[in-house]
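What follows is calculated from the coordinates using simple rules that are stated; it is not laboratory data. Everything numeric here is computed off the predicted structure, so don't read it as measured data. Neighbour counts are summed over all protein chains in view; Cβ atoms, including those assigned to glycine, are modelled from backbone coordinates with ideal geometry.
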Amino acid sequence: MPELPEVETVRRGLAPVLLGRRLTRVVVRQPMLRWPVPLEFARALTGRRVEALDRRGKYLLIRLDDDRVVIGHLGMSGSLAVRPPGEAPALHDHVILETDAGACVTFHDPRRFGALLLSTALGVEAHPLLAHLGPEPLDGAFDGPALAARLAGKRCSVKAALLDQRVVAGLGNIYVSESLFRAGLSPRRLAGSVSGARAARLAVAIQAVLLEALESGGSTLRDHRQANGELGYFQHAFAVYDKEGQPCPGCDCDVAREGGIRRLVQGGRSTFYCARRQR
């Protein structure tokens, strides 16, 4: 599932095409996504101008000039991409947005786990999909003490806590594994024990990993595409994710004797880590 860097990459790619533009044609070709596309979706968007493109956690927010807000989620296989004018829709192009400048943006989702919903500017923060979200890890206020406060008292593993969108918004399996490796913290460590210097290291690691992923256009393991259709390439910089049995960067562990990067399953999700470096 796309995480913060993938959604933010899409947001940045769509901004030059959608910001300030009026939507002249909106077509819903497949209304059954994870939740049904609202019946009034096409009518509500047609003729409206896009005032802002925001992101909250893994959700894209398209703010219109009548104070309505489109809440978009890419699900497991979704993408929002700019298509050449006049290009015929692909099989899984479920929603099409055309602007007064002739640009065409399509919501493509083969597995249909994504979503396009409507809210209002006043109600969007209280929307059931957004109301529970924790702080944004790239905000200036996100630091060691702020992270420690979110983890305090939690009896689950730090890996499970960081995947909880109520603790920190936007993180998923890839970037949690990479961040814990950089911070030198075991994914098994009790979340409530991450405070002080540990929390400071982890907050710095989370921000560094996310920023590097953004510079690389996100990670493409299967479906992620940038808004221009290009792949992300942060997957080529993974230190531990999906590298079971390989040596980890900057570590002198003996792969033949110690097994290199290890994989364990936590909460049904694969975790990759170095048992020697991460404590």
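For Ala52, nonlocal amide neighbours, meaning residues 5 or more places apart or on other chains whose placed amide H falls under 5 Å from its own, are Arg63. Among Leu61, Leu210, Leu264, the residue with the largest mean-square fluctuation in a Gaussian network model of the chain, with springs joining Cα atoms closer than 10 Å, is Leu264.
Rounded to the nearest whole Hz, the Karplus-based 3J(HN,Hα) values (6.51 cos²θ - 1.76 cosθ + 1.60, θ = phi - 60°) of the stretch 117-132 follow the sequence 10, 10, 9, 10, 4, 6, x, 5, 5, 9, 4, x, 7, 10, 4, 8, with x at glycine and proline.
Taking other C-beta atoms within 10 Å as the exposure proxy, Glu125, Glu244 rank Glu125, Glu244 from fewest upward. GNM remark for the chain: springs join alpha carbons under 10 Å apart, and the peak mean-square fluctuation among Leu138, Leu14, Leu39 falls on Leu39.
Taken one residue at a time, the phi angles of the stretch 46-56 give Karplus couplings (6.51, -1.76, 1.60, θ = phi - 60°) of 5, x, 8, 9, 7, 8, 7, 10, 10, 9, 10 Hz. Gly and Pro are set to x. Taking a ≥ b ≥ c as the square roots of the eigenvalues of the Cα gyration tensor, the stretch 144-273 is classed as oblate, since a/c reaches at least 1.5 and a/b does not exceed b/c. Amide hydrogen proximity for Arg29: with H placed 1.01 Å from N in the peptide plane, the residues at 5 or more positions away or on another chain lying under 5 Å are Val95, Ile96. Quick one: if the Förster radius is 51 Å, what FRET efficiency do Leu122 and Ala237 give, using the C-beta to C-beta distance and rounding to 0.05? Efficiency computed from Cβ-Cβ geometry: 0.80.
For Arg83, the residues whose modelled amide H falls within less than 5 Å of its own, excluding neighbours fewer than 5 places apart on the same chain, are Cys104, Val105, Thr106.
Calculation over all alpha carbon pairs of the chain in 5 angstrom steps from 0 returns a P(r) of 1, 6, 12, 16, 17, 15, 12, 9, 7, 4, 2, 1, 0 percent. Once a ≥ b ≥ c are taken as the square roots of the eigenvalues of the Cα gyration tensor of the stretch 4-126, is the result rounded (a/c under 1.5), prolate (a/b larger than b/c) or oblate (a/b not larger than b/c)? Here the stretch 4-126 falls in the rounded category.
Computed from label points 7 Å out along Cα-Cβ, the spacing between Ala256 and Glu230 is 4.2 nm.
Extension gain for Leu264-Leu91 works out to 58.6 nm (0.36 nm per residue, less the C-alpha to C-alpha distance). With neighbour counts taken as other beta-carbon atoms within 10 Å, the residues Cys274, Cys253, Cys248, Cys104 rank, fewest first, as Cys253, Cys104, Cys248, Cys274. Phi angles of the stretch 140-151 translate, via the Karplus equation with coefficients 6.51, -1.76, 1.60 and θ = phi - 60°, into HN-Hα couplings of x, 7, 7, 8, x, x, 5, 5, 4, 5, 6, 8 Hz per residue; Gly and Pro are given as x. Enter the Cα centre distance for the pair the stretch 164-192 and the stretch 210-229, rounded to the nearest angstrom. So the two Cα centres are separated by 20 Å. For the residues Arg63, Arg222, Arg198, a GNM of the chain with alpha-carbon springs under 10 Å puts the largest fluctuation on Arg222.
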